[in-house]
Amino acid sequence: MVKKSMFSNPLHVGRPNVGDRDRFLERINGALDRLWLANNGPLVREFEARVAEMAGTEHCVPVANATTGIQIAAKAAGLQPGDEVIVPSFTSPATPHALQWVGLVPVFCDVEATTANADPEHVEQLIGPKTRAIVGVHVFGRPCEIDQLSKLAEWHGIPVLFDAAQAVGCTYKGKPVGGFGSAEIFSFHATKYVNSFEGGAIVTNDERIASQARVMRNLGLDDNRETVACGINGRMTEAAAAMGLTSLEAMEAFMEINRENHESYRDGLAGLPGVKVYEQADEERANHQYVVIEVDAATAGIHRDAVQAALTEHNVLARPYFHPGCHMIDPYRGRPDVHTPLPLPRTEALCERVLSLPTGTAVGPAEIAAVCEIIRDACAGA
Ligand SMILES: *Cc1c(COP(=O)(O)O)cnc(C)c1O
């Protein structure tokens, strides 16, 4: 039985990982000495090279955040207002909102129960005369069915983009995530395991998309400072790149800590009926940046919400990502005829079961053992 309020300080999901502070400050000092703080400075260009190297892509366009990155990538891929884009409902609201904000029409597909990723069969059913793109999401860093979605897109002559916000450093069939589809978009938000405070990157092997994205990110200015298109300010700052570079240097170490944490949770919850730790694909390199449990209320005898409440009582701030599904939030839920042609039973079931637990450098075996004990007590009705 766990004592009341196990943790005197709240244990958050998504507490930032910080790399080598001295290296970070050195880089910041360099930027201050140069008085070059924005506008594609040397740190941003170095970050660009490192991210392209990590993703194994020819091009990388660093941006202010992944949300802007999705918007720029969609426009660079030629999508126009009114175009329908098929996207899973089980994702961060950032994915459909980014599309909706540039006038695209998200159409939500269901997921596969085991992977929590877009179900290619359902995507195929949803492709209609107005479909102009597919946006896959690598949910919890687990690559979606990239090959199947790419084949579908090719068959229909439309682009496929991947929201790879959660999949930095992961592999698909042994190749780094980043080089698939027309483009992929990474996030380096503070809550991601590799962060640049706020930041993102569009990675691609498509020269045209990369050059379009560069221009669009910079208010439509080309290298000669001539305005050649309509653009937005999607630029990354030198401070963000300083953090991003420092964080990338610690990527392997963060990944290893996450992997160990994932194992500790798996061991700590082993044999608990109705509670399953979400698993990554065998044989792939995974960043394990999220530890997600699925609570099957019928078997566990307790609903996910009650498990979350029990954790909250002990100052463990677990989060039900991604609840509710995006088709259940505004503005999409008001127009099911436009956004959700079918009910999404697997998404809705999953949304009732998932709970993200604290991981990253902020927790270790002792904290994890305590969190598992709280969950076990809650399930035992203690
Ligand atoms: C974090 C996240 C985003 C948004 O990233 P930002 O850099 O915060 O804009 C988009 N999609 C998914 C799946 C995410 O997890």
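The values are calculated or read from the model by the stated rules, or taken from the named source; none is laboratory data. These figures come from a predicted structure and were not determined experimentally. Note that each Cβ is placed from the backbone with ideal geometry, even for glycine, and that neighbours are counted across all protein chains shown.
Those helices (runs of 4 or more DSSP H) of the range 6-96 that lie entirely within it include none in which at least 3 residues are modelled with pLDDT under 95 and touching a His at 6+ places or on another chain (Cβ under 6 Å).
Applying the selection to the range 333-362, what residues are of a type in the set (K, R) and either surrounded by 13 or more Cβ atoms within 10 Å (Cβ to Cβ) or modelled with pLDDT of 95 or more (or both)? Hits for the range 333-362 are R333, R346, R353. Take the conditions (1) over 28 Å from N258 (Cβ atoms); (2) within 16 Å of the ligand (Cβ to nearest atom); G141 misses just one of them, which is (1). When we screen A213, A239, A165, A229 for residues that are buried (at least 24 other Cβ atoms within 10 Å of the Cβ) and farther than 16 Å from A55 by Cα, the only hit is A213. Checked against the criterion of being within 13 Å of the ligand (Cβ to nearest atom), farther than 14 Å from Q71 by Cβ and surrounded by fewer than 18 Cβ atoms within 10 Å (Cβ to Cβ), the range 180-193 has at least one qualifying residue.
Scanning the range 212-262 for residues that are over 28 Å from P358 (Cβ atoms), of a type outside the set (A, V, I, L, M, F, W, C) and free of Cβ contacts under 8 Å to residues at least 24 places away in the same chain turns up G220, D222, D223, N224, R225, E226, T227, G231.
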